[in-house]
Amino acid sequence: MSWGTELWDQFDNLEKHTQWGIEVLEKYIKFVKERTEIEINYAKQLRNLSKKYQTKKNSKEEEESKYTSCKAFQNTLNEMSDYAGQHEVISENMSSQIMTELIRFVQELKQERKSNFHEGRKAQQHIETCWKQLESSKRRFERDCKEADRAQQHFEKMDADINVTKADVEKARQQAQIRHQMSDDSKGDYSSVLQKFNREQNEHYHTHMPSIFQKLQDMEEKRIARLGESLKMYAEIDRQVIPIIGKCLDGITKSAESINEKQDSQTVIEAFKSGFEPPGDVDFEDFTQSIKRTVSDTSLTNTKADGKTDPKTPGKSRGKLWPFIKKNKCFGFHQGATPEDFSNLPPEQRRKKLQQKVDELNKDIQKEIDQRDALTKMRDVYLKNPQMGDAGSVGQKLIEIGNNIEKLRVEVQKFESWLAEVEGRLPVRNDSSRRQSGLYETQNTVPVNNCAQDRESSPDGSYTEDQSQETEVKVTPTEFDDDFDDEEPLPTIGTCKALYPFDGENEGTISVSEGEILKVIEEDKGDGWTRIRRSEEEEGYVPTSYIEVYLDKNAKGAKTYI
């Protein structure tokens, strides 16, 4: 099947059809371009999503990464980042292998089509010119024939008329002969032009135009084939990343399978175990002993002895049961100023922190020892070969390292003593006698300035206040709550200006910006923290060294800062 034979008279329609074919290719290019933009945007959104939920360094989330479920989630985020990278590969390959190549191909097609149709129009103009020449020759031949016939009739008429002179008759005969000659010449020209036109027409419809149509057909078939190849490549580019995407998904599945709920439960125990024993039973306290009642079968006189509480015995009613304990306000700001011995932590957590600190100090000591050994060797080399360096400078450095090692060893001994205290190798400071039947007695505790030491730990990390020298009063949960809920706001005793920014991430603290002016409601008690207020609903503690305090001399209990 050939366009030159089958569509010899469809030049205009072929022109429209080939233009439509190029437009289809351009539409496909536009489609691929939008697909690449979608892929790159999708990849960018996936990367941003993965980055958004990545664990931040030096944050609470980093501590939570010890759980297998958190590790699996982090691995999933990493796999999603790789997954996003494959969509970037799709966008890049489609852009380079399809879009760029097709744009260049379309330009070539347009140029080829323009050339072919230009050649076709030129051939059409040539055959039309030949046709016009033929028509002109034909009309001229027709006119000359008519003129010769009229001249012959005029001559015959003059020759038959006896009144016409012989000269007029001769003139009419000559005129008729001239017309006949012109008619014969026109006939010859017409025949020649006709033969030429027939040859041109035959070449036009059987040689020139079929050749042009064949070029157009080849061009169109090449366009269609190229479109098919591009569609195949479009699918292949997607297929190429499927194995890698499959590996990413396999990685996510593997991460999910790596989750160990039992291990995470054990990790929770290790993270929050306090080391305390559960509270014991609370004894019945009989308050009816002072009431004189008639002895009857329903009397409780037989339980007085059992229900009486010895005032000399530490009052268990003064201890606060765990479910009703609220977090002490002092503990809130001490989260931002943890005591060096971690005495604010429950025993088990304190032991872990102290052990961790001892291990860190031992590592630092080993580093210093390694550095000292290296410098010692260097000094020996300098002593043997003075031209290589000054042994005195190395000796000064060795002295500094020796001092550092001594300081670190003192620190290790200090933390090891605290660790031994927690593990029971040494007597616990005033704490072993404070535990009875799961309750704390605080009757004979000597008040100290350290807020973390005059409070007792609870399983949730909160602390109860020291109740020394109190009268023995039954404290119900409702009364305990009211002590905090009905507390009046502290009055303002001055103002302060933030010298440095402070990010109050811990409970009880408050964030401040550099240069910010705030109200002081409680001055530093010697623990390095000052209580401030920004508004009625926003107050907390900030490090005293971060602010410049201006106390009101007329305020009650205010001191003068020099």
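Overview of results
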read-out: Whole-percent carbon and sulfur share, accessible surface of region 92-216, 1.4 Å; value: 48 percent
read-out: For residue 63, solvent-accessible area (1.4 Å; no DNA, RNA or ligand), Å²; value: 130 Å²
read-out: Heavy-atom surface of region 150-218, accessible at 1.4 Å and reported per residue (Å²); value: 69 Å²
read-out: Average accessible surface area per residue within region 337-404, 1.4 Å rolling probe, Å²; value: 61 Å²
read-out: Accessible area of residue 50 in the full protein assembly, 1.4 Å probe (Å², nearest 10); value: 10 Å²
read-out: Dipole of region 11-133, positive end: most advanced residue of 40, 93, 19 [Cβ charges, Cα centre]; value: 40
read-out: Relative packing of peptides 121-133, 176-188 - highest average C-beta neighbours within 10 Å first; value: 176-188, 121-133
read-out: Whole-angstrom gap from region 216-274 to region 141-169, using each part's C-alpha centre; value: 102 Å
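The values are calculated or read from the model by the stated rules, or taken from the named source; none is laboratory data. Quick caveat: nothing in here was measured; it's all calculated off a predicted structure. Virtual Cβ from ideal backbone geometry, glycine too; neighbours counted across all protein chains shown. Remember, those area values only see protein heavy atoms, side chains included, never the ligands or the DNA or RNA. Shrake-Rupley method; radii C 1.70, N 1.55, O 1.52, S 1.80 Å.
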